[in-house]
Amino acid sequence: MQVSDIFRFRNREIKALHLTWIAFFICFYVWFNMAPLASSILKSANWLTRDDLRLFAIANVALTIPARILVGMALDRFGPRRVFSVLMVTMAVPTLFFAFGTSKEQLFISRLVLSSVGASFVVGIHMTALWFKPRDIGFAEGFYAGWGNFGSAAAAMTLPTIALTMFGGDDGWRWAVATSGVFMGLYGVFYWFAITDGPTKDTHKKPRKAAALEVSSYRDLILLLLFTLPMIGILAILVWRVQNTGFIDDITAWICYASIGFVIVYQLVQVLRVNLPILKKGVPKDDRYPFKSVAALNTTYFANFGAELAVVSMLPMFFEETWGLSAAMAGLIAASFAFVNLFARPMGGLVSDRFGNRRFVMLSYMLGIAIGFALMGMLNSNWPLIIAVAITIGCSFFVQGAEGATFGIIPSIKRRLTGQISGMAGAYGNVGAVFYLFLFMYVTPSQFFFVIAGGAFLSWVVCVAWLKEPEGGFGDEYIISSVDHAIAQEVQQKRDTEAEIARLFAGSGRVELAEKGEGLTLTARFKDLDDLRAILARARQDGLAPKQV
């Protein structure tokens, strides 16, 4: 795939790419619509304080982690078109509640629920993987993520102007936030009708079970259990921070801790319920995949995307205090860290496509991150500002490129499980952000950069040991196993059976076969008992039903 191909709008896959990154862009625009309007919110709502807004900022990332896990499961079951559309329409509701909320509790809860929109990232990753071939997936994923992530920067640049110029008044911020939510909901409806899950009906491959990720060995099962713990357990840090603000009392906090523990146990049980029968039966050789590669990529996204979210939140103050800059100038310089995302992330995917060795590219980027943040840790007021800016941009280049390289590998690990693998890796990005921001409370900015550098180097070591070059990562088609074919055949048989039953019950309502326990449940709807008797009488005449019913 050439860079110029992104302008070939008549190509179906290019059209799908543009439709999807726009959806992601809108979701991130809405997700980060509070920070640019913070001063306007404080002026308008005199019953709010800066501490309240900091609490809302915590809530704004809280549910993103579990949401990415749940969305990953939903993707593999329902497909990205449905999930993306439903997510955008649904998240428009808490956006409106936040826009017109009149109490701290309403704003906090709406922001907490709205944080789920951050899971939109993994939806587009899955959709892009369905449309593009393995050899082109790196650049396509990088382009999608790079331009989609720019939605947060676009919100910062445009929302204050919209609030002040288009609407004005004390409530201008409310109408600006509400407008972004309404637009997201409308685009969600449009997306439902504008795109399909891949170029053909059978492109989307459903897993056998969507309740948990499938693995190929008992050793991988233990590793999956271990990597499941932090995705839910990290929420305890958020509860602790909210508790320390005094927003919730000790009893409520302990209820939250108990709930987190319950969810952890439930998820571990689901992992066992899904995988023990599969492993006991035996996984065919051609259906096995290395979960260690998934674990390694979890650490890379923890170390790159997690670092990005954490650093962006502290970088303006670092430049302002270290070099005595104005808030505006420090913010402008810090914005360069995020702006690099527009071209660095697609380039990371493109390099992964062109180099011919995705593992080597991943290792190179992670080592670059470790070196880059180590250099940033050495920065102080004695360094020329221009050198500090150059190091910051260079470090950002490796961070964003590593994110693109990570998702250049994921779709080729196990096609059928792309949604769940993407969801898990994406969740680890948010786990990294929460973890790093928690540590930032106890260290200096320079120490903070060294901590992130150490995290990137540790991820590099894990990748050296565990990450494998994906099979078929540069082919024209993804590798399809015997289990994939069996699942596709089962789905087709189910459709054929439903069609035969529908013909048998012609004139009835919807006919559906659904798995329930160890068997199948047949559902057919009739207007009334006379309608059912008439259909059975016709079936008896055709010899398709017993004489006595």
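Taking the options G148, G118, name whichever one is more than 30 Å from I248 (Cβ to Cβ), buried (at least 20 other Cβ atoms within 10 Å of the Cβ) and within 14 Å of the chain's Cα centre (by Cα). Residue meeting the stated conditions: G148. Modelled with pLDDT of 90 or more, of a type outside the set (D, E) and within 30 Å of F449 (Cβ to Cβ): does that describe A328? For A328, the condition - modelled with pLDDT of 90 or more, of a type outside the set (D, E) and within 30 Å of F449 (Cβ to Cβ) - is not met. Take L309 and decide whether it is touching a Phe, Trp or Tyr at 6+ places or on another chain (Cβ under 6 Å) and open to solvent by 10 Å² or more (accessible area, probe 1.4 Å). Criteria not met by L309. Tell me, please, whether a residue that is in contact with a Phe, Trp or Tyr (Cβ under 8 Å, 6 or more places away or on another chain) and under 24 Å from F143 (Cβ atoms) can be found in the stretch 59-80. Yes, because at least one residue in the stretch 59-80 is in contact with a Phe, Trp or Tyr (Cβ under 8 Å, 6 or more places away or on another chain) and under 24 Å from F143 (Cβ atoms).
Picking from residues in the stretch 1-25 that are open to solvent by less than 10 Å² (accessible area, probe 1.4 Å) and under 30 Å from D171 (Cα atoms), the one that is modelled with the lowest pLDDT is F24.
Just to be sure I understand the filter: pairs with C-beta atoms under 6 Å, separated by 6 or more residues or on different chains, first member in the stretch 125-144 and touching a residue at least 12 places away in the same chain (Cβ under 8 Å), second member of a type in the set (G, A, S) and open to solvent by 10 Å² or more (accessible area, probe 1.4 Å). Which pairs pass? Qualifying pairs under 6 Å: P134/S412; P134/G472; P134/G475. When the residues of the stretch 513-549 are narrowed to those that are modelled with pLDDT of 70 or more and assigned to a strand (DSSP E or B), which ends up most open to solvent (accessible area, probe 1.4 Å)? Per the stated criteria, the residue is L520. Counting only residues that are closer than 28 Å to I421 by Cα, in a helix (DSSP H, G or I) and not hydroxyl-bearing (S, T, Y), the stretch 89-135 holds 23 of them.
This table checks each residue for (1) among the basic types (K, R); (2) farther than 23 Å from P445 by Cα; (3) free of Cβ contacts under 8 Å to residues at least 60 places away in the same chain.
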{"position": "A344", "(1), (2), (3)": "no, yes, no"}
{"position": "L379", "(1), (2), (3)": "no, no, no"}
{"position": "G394", "(1), (2), (3)": "no, no, yes"}
{"position": "A402", "(1), (2), (3)": "no, no, no"}
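Looking across the stretch 275-330 at every residue that is within 21 Å of M231 (Cβ to Cβ) and of a type in the set (D, E, K, R), the one that is farthest from the chain's Cα centre (by Cα) is identified as K292.
The values are calculated or read from the model by the stated rules, or taken from the named source; none is laboratory data. Just so we're clear, the structure is a prediction, and the values are computed from it rather than from any experiment. Reconstructed Cβ throughout: ideal geometry from the backbone, glycine too, with neighbour counts over all protein chains shown. With ligands, DNA and RNA removed, areas are computed over all heavy atoms of the protein, side chains included. Shrake-Rupley method; radii C 1.70, N 1.55, O 1.52, S 1.80 Å.
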